[in-house]
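Heads up, the thing below is written out as structure tokens.
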Amino acid sequence: MLTIGKLGASTGVKVPTIRYYEQIGLLPEAERSAENQRLYSQKALERLAFIRHARDLGFTLEAIRDLLSLSDQPGQPCAAADAIVVAQLAEVESRLARLGALKVELQRILTQCAGGKIADCRVIEALGDHSLCATDHRYPDLGATT
């Protein structure tokens, strides 16, 4: 059995995050010692490592919840898990496209700067007026309008 600190050290997950995962039901509630200290099994360690790896790959907590539910049913076909990964891959590809557009725009803004004074700086001017940008690279979730 592992204490919460040892569990966190073994997985690279901070103690408050472990408590949060317990609170929202991603991790089962830990057993308690006679001193009321949380104690975790090898299975909890494996589950937390799964969660950590999935978070590292960018999965949302809801997707992780679904993947964990699927992993608890090993006899089921993996089509549902595949669909979750396909959706995550599409999100990653979308982010990469946005990042590529941002890179191009930042390079364009930078090359227009003559390196003079701030009063004449194209970087500051472009940041203050989105219409000076070559593309619309705003994130949709920021409530931007075109």
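The values are calculated or read from the model by the stated rules, or taken from the named source; none is laboratory data. These numbers come from a predicted model, not from an experiment. We place every Cβ from the backbone using ideal geometry, glycine too, and count neighbours over all the protein chains shown. Note: accessible area is taken over every heavy atom of the protein model, side chains too, but ligands, DNA and RNA are not part of it. Shrake-Rupley method; radii C 1.70, N 1.55, O 1.52, S 1.80 Å.
Only residues that are under 17 Å from residue 72 (Cβ atoms), touching a helix residue (DSSP H, G or I) at 6+ places or on another chain (Cβ under 7 Å) and part of a helix (DSSP H, G or I): list them for segment 13-43, please.
Residue satisfying the conditions is 21 alone.
Restricting to segment 18-47, name every residue that is open to solvent by less than 50 Å² (accessible area, probe 1.4 Å) and of a type in the set (S, T, N, Q).
Hits for segment 18-47 are 33, 41.
Write out, first by first residue and then by second, each pair whose Cβ atoms fall under 8 Å of each other, whose residues are 6+ apart or on separate chains, and whose first residue, in segment 107-118, is farther than 24 Å from residue 135 by Cβ and free of Cβ contacts under 8 Å to residues at least 40 places away in the same chain while the second is surrounded by 11 or more Cβ atoms within 10 Å (Cβ to Cβ) and not polar (S, T, N, Q).
118/124
Across segment 54-93, what is the number of residues that are part of a loop (DSSP other than H, G, I, E, B), open to solvent by less than 50 Å² (accessible area, probe 1.4 Å) and closer than 20 Å to residue 43 by Cβ? Walk me through it before giving the result.
Taking segment 54-93 and keeping what is part of a loop (DSSP other than H, G, I, E, B), we get 57-60, 72-78.
Next, from what is left, pick out any that are open to solvent by less than 50 Å² (accessible area, probe 1.4 Å): 58-59.
Now restrict to residues that are closer than 20 Å to residue 43 by Cβ: none.
Result for segment 54-93: 0.
Any idea which residue in segment 94-115 is surrounded by the most Cβ atoms within 10 Å (Cβ to Cβ), counting only those that are charged (D, E, K, R) and under 24 Å from the mean Cα position of the chain (by Cα)?
Initial filter on segment 94-115 (charged (D, E, K, R)): 95, 98, 103, 105, 108.
Filter once more, so that each one left must be under 24 Å from the mean Cα position of the chain (by Cα): 95, 98, 103.
On the way: 95: 12, 98: 14, 103: 11.
Per the stated criteria, the residue is 98.
May I ask you to list pairs of residues, at least six apart or on different chains, whose Cβ atoms are under 7 Å apart, with the first in segment 72-101 being more than 24 Å from residue 135 (Cβ to Cβ) and the second being at pLDDT 90 or above and part of a helix (DSSP H, G or I)?
Note: pairs meeting the criteria are 76/70; 80/70; 81/67; 81/70; 84/63; 84/66; 84/67; 88/63.
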